[in-house]
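The block underneath contains the structure these notes are about, expressed in structure tokens.
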Amino acid sequence: MNIAQTTPVEPVAPASSPWGTPQSSTRLASGIWSITTSSHGGIWLSPERNADVPDYMADATGWYEEDLAWAVPAVVYPEAFRDNIGAAIRILRVYMPDAYERFTGDTVAPGESYIRDRSVFHRDNPQAWLVHVAWSDATEWVDPGHFGVSARQGEPGTAAYVASPERFFMIEADEYVANWSLIGFQIDQSRHREVERPDQVNARRRA
């Protein structure tokens, strides 16, 4: 009795994406495609490929956008990404430190992930006011030689941040540039001058 042998079906490039109709599709490996559109792009994993991505960093749709999320399929399938593995590992460590530690078994040290450092800062300094938008003195309401800034409390993306009122301050430009970090610029309420919210925050200064 002959038993029919079934040949696995090779996954083909997807006809659509979260960012629109694909303009180009590059096969990186079986079931792994790099997709570009007129606005954005990313990596698509077939359901079979996506099933092997650990659940703590998997996207159920199989789509991983090109800015940061592409690092996930890259570290899971390094043979398909070749020279980009170093960049993928750095992205995972900086922007997804919890996933990095679980996947690699290595510990993210202070200073290696600003996402982790920012969370620790806000945990230890819940009352801190950090700048989230800054305007140069080319803006009408900002004093010459200063940055006008708005500040909030809480870690961006958290309920505390959303609930925080927005306050405006005037900071000397040299101080702002020298003390800005990836965590942000911390307002010192004892010496940074608070100003009223401008009616038109983006109005440009007339020449």
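Could you identify the single residue in E48, E101 that is of a type in the set (D, E), more than 30 Å from G154 (Cβ to Cβ) and in a helix (DSSP H, G or I)? Steps first, answer last, please.
Numbers: E101 fails: more than 30 Å from G154 (Cβ to Cβ).
Criteria check complete, one pass: E48.
What about S119, is it surrounded by 15 or more Cβ atoms within 10 Å (Cβ to Cβ), among the polar types (S, T, N, Q) and modelled with pLDDT of 95 or more? So that I can check it myself, show each step before the final result.
Values: surrounded by 15 or more Cβ atoms within 10 Å (Cβ to Cβ): yes; among the polar types (S, T, N, Q): yes; modelled with pLDDT of 95 or more: no.
So S119 does not fit the description; no.
Would you check if S164 is among the hydroxyl-bearing types (S, T, Y), outside the structural domain of M57 (by TED's automatic domain parsing) and crowded, with 18+ Cβ neighbours inside 10 Å?
no
Given (1) modelled with pLDDT of 95 or more; (2) of a type outside the set (D, E); (3) not assigned by TED's automatic domain parsing to the domain that holds T104, identify the lone condition not met by V75.
Among (1) modelled with pLDDT of 95 or more; (2) of a type outside the set (D, E); (3) not assigned by TED's automatic domain parsing to the domain that holds T104, the lone unmet condition for V75 is (3).
Scan the range 137-159 residue by residue and report those that are out of contact with any Gly (no Cβ under 8 Å at 6 or more places or on another chain), more than 11 Å from V201 (Cβ to Cβ), assigned to a loop (DSSP other than H, G, I, E, B) and not β-branched (V, I, T).
Filtering the range 137-159 down to residues out of contact with any Gly (no Cβ under 8 Å at 6 or more places or on another chain) leaves 138, 140, 143-159.
Keeping just the survivors that are more than 11 Å from V201 (Cβ to Cβ) gives 138, 143-147, 151-159.
Going one step further and asking which of them are assigned to a loop (DSSP other than H, G, I, E, B), we end up with 138, 143-145, 154-158.
Within the range 137-159, A138, D143, P144, G145, G154, E155, P156, G157 qualify.
Exactly one condition in (1) at pLDDT below 95; (2) surrounded by 15 or more Cβ atoms within 10 Å (Cβ to Cβ) is not met by H146; state its number.
It is condition (1) that H146 fails.
H192 - would you say it is surrounded by 12 or more Cβ atoms within 10 Å (Cβ to Cβ), more than 25 Å from Y95 (Cα to Cα) and free of Cβ contacts under 8 Å to residues at least 24 places away in the same chain?
Values: surrounded by 12 or more Cβ atoms within 10 Å (Cβ to Cβ): yes; more than 25 Å from Y95 (Cα to Cα): yes; free of Cβ contacts under 8 Å to residues at least 24 places away in the same chain: yes.
Criteria met by H192.
Given the options V72, V94, V108, name the one that is crowded, with 18+ Cβ neighbours inside 10 Å, of a type in the set (V, I, T) and within 23 Å of T36 (Cβ to Cβ).
When all the criteria are applied, what remains is V72.
Taking V162 as the residue in question, decide whether it is within 19 Å of the chain's Cα centre (by Cα) and either more than 24 Å from P110 (Cβ to Cβ) or in a strand (DSSP E or B) (or both).
Details: within 19 Å of the chain's Cα centre (by Cα): yes; either more than 24 Å from P110 (Cβ to Cβ) or in a strand (DSSP E or B) (or both): yes.
Against the criterion (within 19 Å of the chain's Cα centre (by Cα) and either more than 24 Å from P110 (Cβ to Cβ) or in a strand (DSSP E or B) (or both)), V162 qualifies.
Residue by residue through the range 172-207, note down the ones that are of a type in the set (K, R), modelled with pLDDT under 90 and part of a loop (DSSP other than H, G, I, E, B).
Those that are of a type in the set (K, R), modelled with pLDDT under 90 and part of a loop (DSSP other than H, G, I, E, B): R205, R206.
The values are calculated or read from the model by the stated rules, or taken from the named source; none is laboratory data. All values reported here derive from a predicted model rather than from experimental measurement. Glycine also receives a Cβ, built like all others from the backbone with ideal geometry; neighbour counts cover every protein chain displayed.
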